[in-house]
1. How high is the relative contact order of the chain, in percent, counting Cα pairs under 8 Å that sit 6 or more residues apart?
2. How long is the stretch 1-100 along each principal axis, judged by its Cα atoms, biggest number first, in Å?
3. Using a simple spin-label model with points 7 Å from Cα along the Cα→Cβ vector, what separation in nm is obtained for Ser239 and Leu347?
4. For a quick protection proxy, order the peptides 245-257, 402-414 by their average other-Cβ count within 10 Å, most packed first.
5. Enter the accessible area of Phe274 (Å², nearest 10), with the probe set to 1.4 Å and all protein chains included.
6. Considering only protein heavy atoms, what per residue accessible area in square angstrom results for the chain with a 1.4 angstrom probe?
7. What pairs from Lys217/Lys303; Lys417/Lys444; Lys268/Lys368; Lys204/Lys224 go past 28 Å between their alpha carbons?
8. Could you give the size of the charge dipole of the stretch 195-276 about its Cα centre, using +1 on the Cβ of each K and R and -1 on the Cβ of each D and E, expressed in debye and rounded to the nearest 20?
Amino acid sequence: GLSSWPTRMLLLLFGILYIGFGLMHLQVLFTEERYVEQPDVFVPAEPKVLKGTRVLNVVISFMMSIFLIATVAVAKVHCVLAASRVLIAAIAVFTLTGLIGAIMDMYQCSVDGDGIGKACSGVSGFAQMTTTAMLLVTILFFQRWTWILALVSQGGYLFYIAWRYEPKSIMMRLIYSAVGLAFMTTAALIYIKHQVVLRSARTKVEDGTTEFQLMWKTLMESHKPELDELAKQAEDIRSAIGKSVSQQRARGKASPYTRNGKSKQQEKDIDELFKQAGEISAPFQKWVAGWSQSGRVQPGCVKNPNRAIQKVVRSYGRDSSCLTDLVRCTIVVNDVSQILSCLNQILGKAEVCFHWDAETSLAVDETKIMSITSIKNRFDPEFNAAEQSLHYRDLLLNVEVGYVFSNGHVRFLPLCKWGSVEGLQMKRHICEIQILIYNFHSAKKDLHRHYVHFRNIRVQ
């Protein structure tokens, strides 16, 4: 990612490379190559007319170098998420200018030249547009292949310059070819290294999940009825959430969920979300411990900002409101019956997918202090733990709380009071409650380091 020094060094290298491209294109403006060519030979058409893309190439090259260097500066001074936006903007602009250049070339070759041919066409512009568009899609959806595509495409472009434009000096042709080969070789080495490290990490994680599989086998043999009951309750909650969301959409209200069902925070700004998390994290842990009678509450720290940004970029389409686990705590229990007891206790204090308005607030009593926005039951016998969680199992709930923060103190509000706090600004924040059995909790701590390494290699 942009937080690592190898990535920043590569971006700086590309920035310097584009300065070189800019100087090369600038030098062309002082030669006969600045004119529109004849269709099939690199000779100016008569009468000589300045080719617009010769000037555009200078602007694009220096602009890209500024964007790339600015990306590194923003990542260092501000934050990685802002830097990624600068980088995406640069690639989007580069893609657009490629299309503009292709259209300009085709027009000038047809109007100011003698027609479109091998020497005079918009091929290079369309090639630039296609390559950068592929790079943009890769950055947005397939981050693990970004640098490989970037290095291969840039190496190919260097070979293209070396052999299509036929540099006057044989030394320059060799330099362009050597740098292009170095880029492609680096891409191949990155791919090979990635596969080797991924295989090693996968082996370590799979070795560590054996204990999870044995514990699950024991649970299935000794607590099958309780597991089935837990699965039924979790499914009822999921169905109630789906019904509530459908009702809200039917009323024309915006849904607090993504298209694939991921719950979202009311706040969208990542800085404000972390501010809220800092305000309520410790009070939330104490609050849960105060009413939780089943198991032991294990406090959790606010989510690491680097990991949060990784999730926003890799999994949430850069939508910060999908961060619903900045504030989280764990309730560790001894067996499945205690998980059921804990879930029932939460249900006694919560509404499922509560949407505040004047009518709904009147129907809710003061014992309801939070809203369940999502539930994930990895203890479900139908859950494919091998594919989705490396055999790890827990019960995960997202709960939304309303609170006021005044004079450094947090006061949590029951649902019926969410719209009636005079003179104070109530905030809403979705927190995570994880319920798991002690044996899984202990094994998870031992495996976590290997899993984080494996997850980062897979860019998850």
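1. On the way: 651 pairs, mean separation 58.9, N = 460.
Reported as a whole number, the value is 13 percent.
2. So the extents along the principal axes, rounded to whole Å, are 53, 22, 19.
3. 1.2 nm
4. Numbers: 245-257: 12.9, 402-414: 14.8.
So the peptides 245-257, 402-414, ranked by packing, come out 402-414, 245-257.
5. Result for Phe274: roughly 50 Å² accessible.
6. Values: 23370 Å² over 460 residues.
With all protein chains present, the chain gives 51 Å² per residue.
7. Working: Lys217/Lys303 32 Å; Lys417/Lys444 39 Å; Lys268/Lys368 26 Å; Lys204/Lys224 30 Å.
Violating the 28 Å limit, Cα to Cα: Lys217/Lys303; Lys417/Lys444; Lys204/Lys224.
8. Numbers: 16 positive and 13 negative charges, 125 e Å.
With only Lys, Arg, Asp and Glu charged at Cβ, the dipole is about 600 debye.
The values are calculated or read from the model by the stated rules, or taken from the named source; none is laboratory data. Just so it is clear, the structure is predicted and the values come from calculations on it, not from any experiment. Here the Cβ is made from the backbone with ideal geometry for all residues, glycine too, and neighbour counts use every protein chain on show. Calculation scope for accessible area: heavy atoms of the full protein, side chains included, ligands and nucleic acids excluded. Shrake-Rupley method; radii C 1.70, N 1.55, O 1.52, S 1.80 Å.
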